[in-house]
Each structure stands twice: as structure tokens, then as C-alpha cells.
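A.B. asks: There's a structure below that I have some questions on.
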Amino acid sequence: MSLSLPASAPTDQKLYSPGQIALAAFIGAPLAACWFWSRNYLQLGNKAASTQCLIWGVVSTVVLFTVTWFLPDNFPGSGIPIGYTIGFFMAVKGAHGPIIDQHLAGGGRLGSWGAVIGISLLFFAGILAVALGVVTLFYMAGYVPEESPA
């Protein structure tokens, strides 16, 4: 399905660039990135894709945290966020890059970098609160990981 700007698209619409969405991924996990990506779909008039994007954001964030929970302690943790940040940049560039270029050439604007940072930090705080709640429930239920011998 090919997306393009609606013919009557006002130039006051704000789209988010691949760089902005990648930054959102790095700060606030895939959920934040998908939230901004879904805003682009809404601006382009595709509510179904916007909803799918949000669902994938929730699913991918849950899978990410589940997988990282079971990784060995010596696993290089920085590789995971760098990997999905680059992945989001490339995916958004492929899906919306030409549309964003067309939008900017027509006098449209990008969303605020400050909003990207602030909202992504809110997603980070919310995800952290949920993760700490889940870990606390595990400990209260008696699941305590074994200490590895030093």
C-alpha cells in the first residue's frame, strides 16, 4: 500500500522524522517510537495503520523486556537499544521518508524535538514503573533468582 500526503493536507500538519522516531526508540523503548510513528499515520489519514503501530509498540516492548530478563549477566546490554534504534530509523525512513520529504518541500513542518524528548522520557518513566512493579510482584510471590557464584 502506497502512502502519500492527502491532496488537501494542510502545511500546519507536523510529521516526525526518522531521526526523531529513532531518538524516541532510544529514550523510551519501541513503545515511544511506535507512538510517534502512529502520529505520522494519523496525520496521513491512516487510522488502521496508526492502531497497528501502537499494538506493535506494546508487543515489541513486552518481548524486548522479556528477552532481556533472561539474557546472561555478561551480555553486552548496549547492543540491544542501539540495534532497535537503528532498526526504527531504517524502517521509518523506508516507510515515510519520501512522504516527509514531500511534506517539508511543500512547506510542512516537523514535530518538535523537545516534544520527542519529553514524551519519550514519560514513556521511559512509565515503562520503568511497570517493570519495577512486575519485579516486585515476582519477589513477593517468592521468585528470587539464584545468586551466581562469585
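The values are calculated or read from the model by the stated rules, or taken from the named source; none is laboratory data. Treat the numbers as computed from the prediction; the structure is a model and nothing was measured. FYI the Cβ positions are ideal-geometry reconstructions off the backbone, even for glycines, and counts take in every protein chain you see. Quick note on the areas: whole protein, heavy atoms, side chains included, nothing else; ligands and nucleic acids left out. Shrake-Rupley method; radii C 1.70, N 1.55, O 1.52, S 1.80 Å.
A.B. asks: Would a scan of the stretch 133-144 turn up a residue that is part of a loop (DSSP other than H, G, I, E, B), surrounded by 10 or more Cβ atoms within 10 Å (Cβ to Cβ) and either at positive phi or among the aromatic types (Phe, Trp, Tyr) (or both)?
C.D. replies: no
A.B. asks: Would you check which residues across the stretch 28-47 are open to solvent by less than 30 Å² (accessible area, probe 1.4 Å) and more than 18 Å from Arg109 (Cα to Cα) and list them?
C.D. replies: Correct list: Gly28, Ala29, Pro30, Ala32, Ala33, Cys34, Asn46.
A.B. asks: Being aliphatic (A, V, I, L, M), in contact with a helix residue (DSSP H, G or I) (Cβ under 9 Å, 6 or more places away or on another chain) and either under 27 Å from Gln13 (Cβ atoms) or surrounded by 12 or more Cβ atoms within 10 Å (Cβ to Cβ) (or both) is the requirement here; does Leu104 meet it?
C.D. replies: no
A.B. asks: Check whether at least one residue in the stretch 15-27 is open to solvent by less than 50 Å² (accessible area, probe 1.4 Å), aromatic (Phe, Trp, Tyr) and either modelled with pLDDT under 90 or part of a loop (DSSP other than H, G, I, E, B) (or both), and report yes or no.
C.D. replies: Yes, that holds for at least one residue.
A.B. asks: Take the residues of the stretch 61-79 that are closer than 15 Å to Phe26 by Cα and out of contact with any Phe, Trp or Tyr (no Cβ under 8 Å at 6 or more places or on another chain): which is least open to solvent (accessible area, probe 1.4 Å)?
C.D. replies: Step one: list which residues in the stretch 61-79 are closer than 15 Å to Phe26 by Cα, which gives 61, 64-65, 77-79.
Narrowing further to those that are out of contact with any Phe, Trp or Tyr (no Cβ under 8 Å at 6 or more places or on another chain): 61, 65, 77-79.
Numbers: Thr61: 11, Phe65: 91, Gly77: 50, Ser78: 76, Gly79: 44 Å².
So the residue we want is Thr61.
A.B. asks: Restricted to the stretch 66-118, and to residues that are assigned to a loop (DSSP other than H, G, I, E, B) and among the hydrophobic types (A, V, I, L, M, F, W, C), which residue is farthest from Tyr41 (Cα to Cα)?
C.D. replies: Keep residues of the stretch 66-118 that are assigned to a loop (DSSP other than H, G, I, E, B), which gives 70-78, 106-108, 111-112.
Remaining after also requiring among the hydrophobic types (A, V, I, L, M, F, W, C): 70-71, 75.
Details: Phe70: 34, Leu71: 34, Phe75: 36 Å.
Top of the filtered list is Phe75.
A.B. asks: Would you mind telling me which numbered condition in (1) in contact with a strand residue (DSSP E or B) (Cβ under 6 Å, 6 or more places away or on another chain); (2) open to solvent by 30 Å² or more (accessible area, probe 1.4 Å) Gly111 fails?
C.D. replies: With (1) in contact with a strand residue (DSSP E or B) (Cβ under 6 Å, 6 or more places away or on another chain); (2) open to solvent by 30 Å² or more (accessible area, probe 1.4 Å) applied to Gly111, the lone miss is (2).
A.B. asks: What's the number of the condition Ser60 fails, among (1) closer than 23 Å to Leu15 by Cα; (2) small (Gly, Ala, Ser); (3) more than 11 Å from the chain's Cα centre (by Cα)?
C.D. replies: (3)
A.B. asks: Criterion first (of a type in the set (S, T, N, Q) and open to solvent by less than 50 Å² (accessible area, probe 1.4 Å)) does Ser50 satisfy it?
C.D. replies: yes
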